[in-house]
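Engineer: Input: one structure, supplied below.
The values are calculated or read from the model by the stated rules, or taken from the named source; none is laboratory data. For clarity, every value in this text was computed on a predicted model and none was experimentally measured. For neighbour counting, all protein chains shown are included, and Cβ atoms are generated from backbone atoms with ideal geometry for every residue, glycine included. SASA here: full protein model, heavy atoms, side chains in, ligands and nucleic acids out. Shrake-Rupley method; radii C 1.70, N 1.55, O 1.52, S 1.80 Å.
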Amino acid sequence: MVTAGLGIAACVSLSTPRGGGGPTNVPSVPGAYVRGAVQQVRIAIATAEPEGKLAATGGWVVAQGDGITSRCIGASCASVGLVPMLGNDNGIAREWTFARDGDRVRFGRTGAASQTQLGSVFVSPSEGSILTWDGKQYRGNIVITPTDSGLLVVNRLSMDSYLRGVVPLEIGNRTPAEFAAVQAQAVAARTYAYKHLTSTRAFDMYATVQDQVYGGVDAEKPQSDSAIMTTADVVVLYNGQPITTPYHSTCGGSTAGVSEVWYDQPDQPYLRPVSDRIPGSDNYYCDSSPRFSWSQSYDAAGLRAVMDKYLAAYTKAPKNGVGKITDITEQGRTPSGRVAALIVQTETGSYTLRGNDIRFVLRDPKGAILNSTYFTFIESTNGGEISNLTVNGRGYGHGIGMCQWGAIGRARAGQNYRTILETYYPGTTIGRIAG
């Protein structure tokens, strides 16, 4: 595995992508990255499962180890103390069950009495075969390790293959006129992934919204594959290095700075408020989003329920409930116009919710977080208690970095992916991994 912490020689070039016809004599910056066809990433597809099912479209081999410090190839397995086992019989794929058994992984054909135990398991498909974990297909290899909470299952594959399972889930199916937005998404996702390579844990990223949503082979689409290929190795740079590239669904009119939302994190010069207004118009590039504007209401019981359930996790409110909600007041606006904080007055005291924490407390009855902090609200009281709270807002997501619906609108207006990215990440340049 090549990670940012290992210091492998490579370079980040400020050139155009391969085949782009751009300049050839350009500056480059030493780095620790290699091109996406070679760069390996490790994605946690399960972190605490008691067991799971593994199969493949063809042949596969199970071996002890992580596949990095040791390898098992045919007859050489015995010489390095590994245990190879075929995952099929005469070309017929079989499903195997893997389960945590203390500090070991216990596995064997599903339903069979014969089981094997190893400290960690490396599963490698034969040429042309694709592995399947719990019904989902994944390119590359799978490493299964026991932990205190269950099985850690890590899909190890190339950067390019990883992006094929990310981009379509993050940007959706788009029309040909919106292709530049898909390309922008590919570059943002690639840059995020390079920035999050690490040597401090057994995987680089989660396969969820904690990082980027990754669905493996089943998520792949021809359009997003084309966007990845036509932007091969392209990344967003600041001071010659890949940046953190957060993105979100809908900004609602303006993106946000980091500290506006994640108040305990420092601002970055390339992550600052950017207006999404169309020049010479009262419209916005992202106003075709289904969540450009929205409304959410709470009655007294509903408001008390969400406060009792979630407020204590983000303030010093008592965990056994706060009683009646008597008042909610706004405490300032951020530079992009979002609510900086809410003061929630209750029978048990006054509690301050800041930045994105507001979204995680003001949930809907199904537990979904509030769409954004870009809102106004109206409250009604009865008998000293808020009887109705109506929140009228715009946008969906944290609001930092690239607005995905804004990128779609800009693509429809004829902007290319470079313009889109340099708009939402101001002060950056577009380069490529050239190692």
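Engineer: Restricting attention to the stretch 197-210, report how many residues are surrounded by 18 or more Cβ atoms within 10 Å (Cβ to Cβ) and either of a type in the set (Lys, Arg) or in contact with a strand residue (DSSP E or B) (Cβ under 6 Å, 6 or more places away or on another chain) (or both).
Structural biologist: Selection size over the stretch 197-210: 4.
Engineer: Does ASP148 satisfy the condition of being modelled with pLDDT of 95 or more, charged (D, E, K, R) and open to solvent by 20 Å² or more (accessible area, probe 1.4 Å)?
Structural biologist: Criteria not met by ASP148.
Engineer: In addition: Can you name the residue in the stretch 224-251 that is open to solvent by 50 Å² or more (accessible area, probe 1.4 Å) and without any contact (Cβ under 8 Å) to a residue 60 or more places away in the chain and is also nearest to the chain's Cα centre (by Cα) among such residues?
Structural biologist: My answer is MET229.
Engineer: Here is a further query. Name the one entry in GLU220, GLU178 that is open to solvent by less than 30 Å² (accessible area, probe 1.4 Å), under 30 Å from ARG412 (Cβ atoms), among the acidic types (Asp, Glu) and touching a residue at least 12 places away in the same chain (Cβ under 8 Å).
Structural biologist: Answer to the check: GLU178.
Engineer: Only residues that are out of contact with any Gly (no Cβ under 9 Å at 6 or more places or on another chain) and open to solvent by less than 10 Å² (accessible area, probe 1.4 Å): list them for the stretch 183-192, please.
Structural biologist: ALA184, GLN185, ALA186, VAL187, ALA189, THR191
Engineer: So for the stretch 288-302 (the condition being in a helix (DSSP H, G or I) and surrounded by fewer than 17 Cβ atoms within 10 Å (Cβ to Cβ)), does at least one residue qualify?
Structural biologist: yes
Engineer: Have a look at SER275, SER254 and point out the one that is open to solvent by 60 Å² or more (accessible area, probe 1.4 Å) and either within 16 Å of GLN404 (Cα to Cα) or basic (Lys, Arg) (or both).
Structural biologist: Checking each option against the conditions leaves just SER275.
Engineer: Kindly check whether there is at least one residue in the stretch 306-316 that is under 25 Å from ASP364 (Cβ atoms), part of a helix (DSSP H, G or I) and open to solvent by 60 Å² or more (accessible area, probe 1.4 Å).
Structural biologist: The answer is yes; a qualifying residue exists.
Yes or no, residue by residue, for (1) buried (at least 22 other Cβ atoms within 10 Å of the Cβ); (2) within 29 Å of LEU362 (Cα to Cα):
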| position | (1), (2) |
| --- | --- |
| GLY393 | yes, yes |
| ARG410 | yes, no |
| ASN416 | no, no |
| ILE420 | yes, no |
| THR429 | no, no |
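Engineer: Please specify each residue of the stretch 96-128 satisfying the condition of being closer than 16 Å to ALA46 by Cβ and not in a strand (DSSP E or B).
Structural biologist: SER120
Engineer: Any idea which residue in the stretch 119-130 is surrounded by the most Cβ atoms within 10 Å (Cβ to Cβ), counting only those that are farther than 14 Å from PHE98 by Cα and in contact with a strand residue (DSSP E or B) (Cβ under 9 Å, 6 or more places away or on another chain)?
Structural biologist: Restricting to residues being farther than 14 Å from PHE98 by Cα and in contact with a strand residue (DSSP E or B) (Cβ under 9 Å, 6 or more places away or on another chain), the top hit is SER124.
Engineer: If ASP134 meets every condition in (1) of a type in the set (D, E, K, R); (2) touching a Gly at 6+ places or on another chain (Cβ under 6 Å); (3) within 18 Å of VAL61 (Cβ to Cβ) apart from one, which number is that one?
Structural biologist: ASP134 satisfies every listed condition except (3).
Engineer: Just checking: which of the strands (runs of 3 or more DSSP E) contained wholly in the stretch 129-197 hold 2 or more residues that are more than 20 Å from ASP225 (Cα to Cα) and in contact with a Leu (Cβ under 6 Å, 6 or more places away or on another chain)?
Structural biologist: Per the criteria, 141-147.
Engineer: Being open to solvent by 90 Å² or more (accessible area, probe 1.4 Å) and in contact with a strand residue (DSSP E or B) (Cβ under 8 Å, 6 or more places away or on another chain) is the filter here, so list the residues in the stretch 101-113 that pass it.
Structural biologist: If the condition is that a residue be open to solvent by 90 Å² or more (accessible area, probe 1.4 Å) and in contact with a strand residue (DSSP E or B) (Cβ under 8 Å, 6 or more places away or on another chain), then ASP103 is the only one that fits.
Engineer: Inside the stretch 322-334, can you point out the residues that are in contact (Cβ under 8 Å) with a residue 24 or more places away in the chain and either assigned to a strand (DSSP E or B) or acidic (Asp, Glu) (or both)?
Structural biologist: ILE325, THR326, ASP327, ILE328, GLU330, listed by residue number.
Engineer: I need the full set of residues from the stretch 19-39 which are open to solvent by less than 50 Å² (accessible area, probe 1.4 Å), farther than 19 Å from THR230 by Cβ and either in a strand (DSSP E or B) or at pLDDT below 75 (or both), in order please.
Structural biologist: VAL26, VAL29, GLY31, ALA32 - these are the residues of the stretch 19-39 that are open to solvent by less than 50 Å² (accessible area, probe 1.4 Å), farther than 19 Å from THR230 by Cβ and either in a strand (DSSP E or B) or at pLDDT below 75 (or both).
Engineer: All but one of (1) under 25 Å from TYR425 (Cβ atoms); (2) free of Cβ contacts under 8 Å to residues at least 40 places away in the same chain hold for ARG109; which doesn't?
Structural biologist: It is condition (1) that ARG109 fails.
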